[in-house]
Structure formats: structure tokens, C-alpha cells
Amino acid sequence: MLTEDDKRINFEKIKALRDPKDDASSNISNLPFEEESAEEPKVIENIRIHESWLELAVELLRWGEFTRAKSLVQESNLHSRILKD
């Protein structure tokens, strides 16, 4: 167990290791990262949930979860017929 004096000494040692040139907040404009490109937002109409259910069902089949895969495929089939997709 460290005493308060040991903690203080270790803290001072850690502070002494700090490199003053390594300060990203002062020169943030010089960082070598590219700016993020603006992408189109994901709209809920672009995500077809029944297609993702099919992918999940395939994964379940690989792991031998046949009953759960069957339920997902049936639900996916129902949704695709409702959406006429």
C-alpha cells in the first residue's frame, strides 16, 4: 500500500516525464489528419430490416440455430410481402 508521500513522489515523477512539445491542443490545425467528408445521412427508408433479418438467419443456420433461423425467415418473408419488396 502506498503512503501519501509515495503517491505524491510518484505523481511528481510522472509529471516530469511529460514532454512540453507534445501538446496537441495548442496546434490542433497542424495535425496530419484529413477532414471528415460529409456523407449523406442514413435514412430509415434505405435500411430494409427484412434483408438484415435474412443475413442474421444465415448466420444462425451456420451455428445450428435452426428454430430461430426459421422464425426469422418467416418474419422476413412476411415483411417483404407487406412491403412488396
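For the condition in a helix (DSSP H, G or I), at pLDDT below 80 and either surrounded by fewer than 10 Cβ atoms within 10 Å (Cβ to Cβ) or in contact with a helix residue (DSSP H, G or I) (Cβ under 6 Å, 6 or more places away or on another chain) (or both), SER76 does not qualify. Residues that are at pLDDT 80 or above and either in contact with a Gly (Cβ under 9 Å, 6 or more places away or on another chain) or part of a helix (DSSP H, G or I) (or both) are absent from region 21-39 altogether.
The values are calculated or read from the model by the stated rules, or taken from the named source; none is laboratory data. In this text the structure is predicted, and so the values were computed from the model without any measurement. Cβ: placed from backbone, ideal geometry, glycine included. Neighbour counts: every protein chain shown.
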